[in-house]
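A.B. asks: Take a look at the following structure, please.
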Amino acid sequence: MKRALAHCQTRLRTPLRNFCRVMSTESKYISSTACLNERCEVKGLGRSFFSIPGRASLLRMVIVCGFIGTPESCPSSAINLEARKIIEESSRANEAKHLPRPSVSSLFPYGPGSTDPSEWPLRSFYKRVLPKECVRFGSEQGIKLFQESLASGNAAAYFPLAEQFRTQDEPAFCGLSTLTMVLNSLAIDPGRIWKGGWRWFSEELLDCCESLEKIRKSGIAFDKLSCLASCNGANVETWRAVGKETDAEEFRSAVKAAAATTSHFMIASYSRSHLGQTGDGHFSPIAAYHEPTDMVLIMDTARFKYPPHWIPLPLLVEAMQKLDQGTGKARGYMKLSRASGDGSPSSSILFVLTLRKGFDDSALRVIRRFFASVRAEKQRNEEKTPTPPPRGSEEKVRPPSSIPLYP
């Protein structure tokens, strides 16, 4: 194996050559093909090592792709039709054996951070380059924008959010990570143990409105994130970016109000693709506003992909107006504040219901109907309770007569 890798590395020094060596029971060279797909995830990558589970006879094939050439060629497509046929046959063999497809995490038996290329997934990435419409927060221009925003009073929200800034634990956890940042920035007590004896919000605690497994696979919708925020002690006001309901001027006023205070924070739901970024739906908190250039500071929790950056406000409004393919609705933004003045857990989760094995959905529907009836009864009682008259409008009580009742 080592001699074969050394031989491949020698061939990699040949300029302007793409090739792929498949090492199996029969070593053979396979010519590569160029990729012209503009949405390719690994365009311009220098050299990659890929590990592909093979059939029982092959056990494992290690494909070493070398790339030295123009960025228009793509090493991800360096496997020609013959190699792709081998991969498809191995996949069908695994499916015939009813073997589950391996997850990304299962490709790291030695844990994240493995330096063994054979343990890497088929494609791996390190960061992305921000499109020209975005300004990196740590750049010279980004620092200048922040200084001017701070001087004008439109960056107060940055500091509590920066104290709680985090990188999302999963690629699809942008909504959970953003909400975790905001809830901790609002100093809301979750009323539940995080680790040890500490009560603290983390992504794994936000599992009441949608299962974590489902969010891990497909993310979370706008309404479900609003539900999560309400369940965890926050007052939520939502706006959908539909027509005149959310125009640029209204959104600008809301951004300025949120950036200038620490009593509430704003979360934007938008389409990355409209900003020229890879991916689609995304959630991010807004930390500052620069009025002269009309740009907002996005605290992107996917820091492995993009750093915090400034984007034009009108462009963000257009990105929020893009429809969510999962729900068919436009995206938008939400404003979060504390439901209780001191952030006590009394307004957060009132109780935790543990569902044991065998607890079906019908019983859960009965519980939901019960609490809905309790809420309706409470509302009816509030409507029946007469409102007290305003102060000073009470009828004056006549003093008792001084005439004796009996002569």
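The values are calculated or read from the model by the stated rules, or taken from the named source; none is laboratory data. Being a predicted model, the structure only gives us computed values, none of them experimental. Glycine also receives a Cβ, built like all others from the backbone with ideal geometry; neighbour counts cover every protein chain displayed. With ligands, DNA and RNA removed, areas are computed over all heavy atoms of the protein, side chains included. Shrake-Rupley method; radii C 1.70, N 1.55, O 1.52, S 1.80 Å.
A.B. asks: Can you name the residue in segment 235-261 that is closer than 17 Å to residue 186 by Cβ and assigned to a loop (DSSP other than H, G, I, E, B) and, of all such residues, is most open to solvent (accessible area, probe 1.4 Å)?
C.D. replies: 260
A.B. asks: Something else now. Taking the stated definitions as given, is residue 138 crowded, with 18+ Cβ neighbours inside 10 Å and on the phi < 0 side of the Ramachandran plot?
C.D. replies: no
A.B. asks: Quick test of your reading of the structure: residue 189 fulfils all but one of (1) among the charged types (D, E, K, R); (2) out of contact with any His (no Cβ under 8 Å at 6 or more places or on another chain); (3) crowded, with 16+ Cβ neighbours inside 10 Å; (4) under 25 Å from residue 316 (Cβ atoms). Name the failing condition by number.
C.D. replies: Against the list (1) among the charged types (D, E, K, R); (2) out of contact with any His (no Cβ under 8 Å at 6 or more places or on another chain); (3) crowded, with 16+ Cβ neighbours inside 10 Å; (4) under 25 Å from residue 316 (Cβ atoms), residue 189 comes up short only on (4).
A.B. asks: Return yes or no: is residue 281 more than 22 Å from residue 161 (Cα to Cα) and not polar (S, T, N, Q)?
C.D. replies: Criteria not met by residue 281.
A.B. asks: Also, quick follow-up: Check segment 301-310 and report whether any residue there is open to solvent by less than 10 Å² (accessible area, probe 1.4 Å), under 24 Å from residue 129 (Cβ atoms), in contact with a helix residue (DSSP H, G or I) (Cβ under 9 Å, 6 or more places away or on another chain) and part of a loop (DSSP other than H, G, I, E, B).
C.D. replies: There is at least one residue in segment 301-310 that is open to solvent by less than 10 Å² (accessible area, probe 1.4 Å), under 24 Å from residue 129 (Cβ atoms), in contact with a helix residue (DSSP H, G or I) (Cβ under 9 Å, 6 or more places away or on another chain) and part of a loop (DSSP other than H, G, I, E, B).
A.B. asks: Give the residues of segment 324-376 that are modelled with pLDDT of 85 or more, among the charged types (D, E, K, R), over 17 Å from residue 190 (Cα atoms) and open to solvent by 50 Å² or more (accessible area, probe 1.4 Å), sorted by residue number.
C.D. replies: Passing the criteria: 329, 335.
A.B. asks: Free of Cβ contacts under 8 Å to residues at least 24 places away in the same chain, in a loop (DSSP other than H, G, I, E, B), open to solvent by 70 Å² or more (accessible area, probe 1.4 Å) and out of contact with any strand residue (DSSP E or B) (no Cβ under 9 Å at 6 or more places or on another chain): does that describe residue 169?
C.D. replies: Judged against the criteria, residue 169 is not a match.
A.B. asks: Which of the residues spanning segment 203-225 are closer than 16 Å to residue 192 by Cα and buried (at least 18 other Cβ atoms within 10 Å of the Cβ)?
C.D. replies: If the condition is that a residue be closer than 16 Å to residue 192 by Cα and buried (at least 18 other Cβ atoms within 10 Å of the Cβ), then 203, 205, 206 are the ones that fit.
A.B. asks: Going through segment 280-334 one residue at a time, which ones are farther than 15 Å from residue 252 by Cβ and of a type in the set (Asp, Glu)?
C.D. replies: 280, 300, 324
A.B. asks: In segment 195-234, what count of residues is obtained for those that are free of Cβ contacts under 8 Å to residues at least 40 places away in the same chain, part of a loop (DSSP other than H, G, I, E, B) and within 15 Å of residue 179 (Cβ to Cβ)?
C.D. replies: Final tally of qualifying residues: 7.
A.B. asks: How many of the residues making up segment 174-194 are assigned to a loop (DSSP other than H, G, I, E, B) and in contact (Cβ under 8 Å) with a residue 12 or more places away in the chain?
C.D. replies: Of the residues in segment 174-194, 7 are assigned to a loop (DSSP other than H, G, I, E, B) and in contact (Cβ under 8 Å) with a residue 12 or more places away in the chain.
A.B. asks: Okay, moving on. Here is a check on your reading of the model: is residue 265 at pLDDT 95 or above and either open to solvent by less than 20 Å² (accessible area, probe 1.4 Å) or under 15 Å from residue 181 (Cα atoms) (or both)?
C.D. replies: Against the criterion (at pLDDT 95 or above and either open to solvent by less than 20 Å² (accessible area, probe 1.4 Å) or under 15 Å from residue 181 (Cα atoms) (or both)), residue 265 qualifies.
A.B. asks: Further question: Please work out if residue 154 is open to solvent by less than 20 Å² (accessible area, probe 1.4 Å) and not in a helix (DSSP H, G or I).
C.D. replies: yes
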